[in-house]
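Input: a single structure, listed below in structure tokens.
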Amino acid sequence: MDDGSGWWNRGGARLGFSDVALVTSLRDGMNLVSYEFVACQDAKKGVLILSEFAGAAQSLGAGALLVNPWNITEVAAAIGKALNMSDEEREKRHKLNFKHVTTHTAQQWAETFVSELNDTVVEAQLRITQIRPVLPVDYAVEQFLSCGNRLLILGFNATLTESVDTPGTRGGDQIKEMDLKLHPELKVPLATLCNDPKTTIVVLSGSRRDILDDNFGEFDLWLAAEHGMFLRHTRGHWMTTMPEHLNLDWVPSLKHVFEYFQDRTPRSHFEPRETSLVWNYKYADFEFGRLQARDMLQHLSTGPISNASVEVVQGSRSVEVRAVGVTKGSAIDRILGEIVHSKPLTSPIDYVLCIGHFLEKDEDVYTFFEPELPSDNVSYQRTKAVDTMKLPGERRPPLKLSPSRGGSKASSHGKGHQRSSPNHEKRQGNNHNGSAQQRQSLEKTSWSVLDLKKENYFSCAVGRTRTSARYMLGSSDDVVSFLKRLAESVSSESLTVQ
Ligand SMILES: O=P(O)(O)OC[C@H]1O[C@@H](O)[C@H](O)[C@@H](O)[C@@H]1O
């Protein structure tokens, strides 16, 4: 425990040798001593008697004996109990507290704090953000045709699916109605766009890998599941782009909470994922769903995850819990990195369309591509990657992704697919994955990936007017019409070329 500051000699050692620690603060912010005591007691498994007025009582209450320090009889009884406690109980109580102290590190606290601070900024910005104009479809199509390397990033839920209010065409089967299904009118236009050599499509969704596989497996495009934590081209295998330190220990313990709310809210739906859990009540009675959501949020804020490194994200008709650091915007640079690794880039991406019914938390994906800071005084949240490339007020130079930022690690999750080595992919005849030689030469340099002019960037929120996207569309029906227009323009473009 000697950290060089003399703490151990000044008194820290006593904490390690004691059988019992008695903390009787009448008022206390946190009480660091109780944490230090637990940290020093791995050998002795000493008992902590803790004032219920100390902040630490909220996190160490499970293993400590909690007392009201004004109640002398209670304190005396606790001392007696602690001194006579069986080894077994001491060990059990110590284990609970030791786990808490060693897993709730300053690093984790700082990450959660910064992330919540960012959320507050985004929320405040959204409140003062002007209502966005409707996507100028003709102009977006015109610009699309004028560019040579186009990237389309499409959300899935409520973007490429049928509107919730579309009268029941699914035969009244509740379970089937709640399944996420690609809008039937999109199959043809999407296939046309996917087959266009100048266009790359990424479906970026919170949904699980199997759901994206079922809906998009037949198309020639990229799938980014679970808010971009997993990625694959439909001709390749899933890989993970998850940050190394993501803590997912909380997932199993929370599932029963979500199941409970699913069971007591008819037509609501719980989707367990690997990096998040989502309960959606968009098909349920709205008022009842809202009340249930409120209950759930309260339960979550006081329950088992109140100290875990997770975020509770409230949607208009959903509640989601995800690991800190899981957002679409934080994943997008890793996704881009993989895409440009996988096929030789002949020219930088010069057109980006990013469209989705994204939660506020995920709107960071819109700002990632913002070529210029907006002229009004609304400052946008930018991802780390962008911050390193652009100073406030500066026009961003073409995006350079270094291979290390873009790199991902092989997945050991889900279907057990491992990321193939370039050679393996070659054996499969996968022309979306460059040869080992190409990759090697790319890794020696950084290269310009994005050269995006303001007029060629179209970010668009679906069904949300206050957004950090530049434009909005009313519903997925409008998205369908727009994508049909883009597909028609691609068909006439290829006819002209012939
Ligand atoms: O991530 P997707 O599939 O584009 O869906 C966007 C959002 O759609 C909302 O309707 C859901 O309530 C959210 O949970 C989801 O994240």
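Computed from the coordinates by the stated procedures, all read-outs in this text should not be read as laboratory data. For clarity, every value in this text was computed on a predicted model and none was experimentally measured. Cβ: placed from backbone, ideal geometry, glycine included. Neighbour counts: every protein chain shown.
When the Cα gyration tensor is reduced to axis lengths a ≥ b ≥ c, the ratio a/c stays below 1.5 for the range 5-103, which is therefore classed as rounded.
Inter-label distance, residue 13 to residue 191: 7.9 nm, where each label sits 7 Å from its Cα along the C-beta direction.
Around the amide H of residue 310, modelled in the peptide plane, lie the amide H atoms of 324, all under 5 Å away and 5 or more residues distant in sequence or on another chain. Across the cross-link table entries 282/328; 187/255; 328/454; 187/343; 95/282, which are compared at the Cα atoms, the separations over 32 Å belong to 187/255; 95/282.
Here residue 454 and residue 58 are evaluated by their C-beta separation; at R0 = 45 Å the FRET efficiency comes out at 0.40. Our coupling estimate for the range 29-41, obtained by passing each phi through the Karplus curve with A = 6.51, B = -1.76, C = 1.60 and θ = phi - 60°, is x, 10, 6, 5, 4, 5, 5, 5, 4, 4, 5, 8, 9 Hz, Gly and Pro reported as x. Between the amide H of residue 66 and those of 50, distances stay under 5 Å, these residues lying 5 or more places away or on another chain, with hydrogens modeled in the peptide plane.
Net charge in the neighbourhood of residue 91 (other residues with Cβ under 15 Å of its Cβ; Lys, Arg +1, Asp, Glu -1) is +2.
Applying 0.36 nm per residue to the separation of residue 141 and residue 73 and subtracting their alpha-carbon distance, the gain on full extension is 16.6 nm.
Placing unit charges on the Cβ atoms only, positive for Lys and Arg and negative for Asp and Glu, gives the range 1-160 a dipole magnitude near 200 debye about its Cα centre. Note on residue 297 and residue 27: with the Förster distance fixed at 41 Å, the Cβ-Cβ geometry gives a FRET efficiency of about 0.90. Of the cross-linked pairs 99/361; 44/81; 45/92; 198/361, those separated by over 20 Å at the C-alpha level are 99/361; 198/361. The residue 92 and residue 181 beta-carbon pair, evaluated with R₀ = 45 Å, returns a calculated FRET efficiency of approximately 0.40. Scanning residues 5 or more positions from residue 183 or on other chains, those with amide H under 5 Å from its amide H are 161, 162, with H placed 1.01 Å from N in the peptide plane. Taking label positions 7 Å along the Cα-Cβ direction at both residue 290 and residue 102, the computed distance is 4.7 nm, reported to one decimal. Cβ-to-Cβ counts within 10 Å put 492, 481 in ascending order as 492, 481, the fewest first. As a rough footprinting exposure proxy, the listed residues 255, 361 were ranked by other beta carbons within 10 Å of their own, and the order from fewest upward is 255, 361. Among residues other than residue 257 with Cβ under 12 Å from its Cβ, the summed charge is -1 (Lys and Arg +1, Asp and Glu -1). Extending 7 Å from Cα along the Cβ direction at residue 492 and again at residue 259 yields two label points whose distance is 5.5 nm.
Fewest neighbouring Cβ atoms within 10 Å first, the residues 72, 335 line up as 72, 335.
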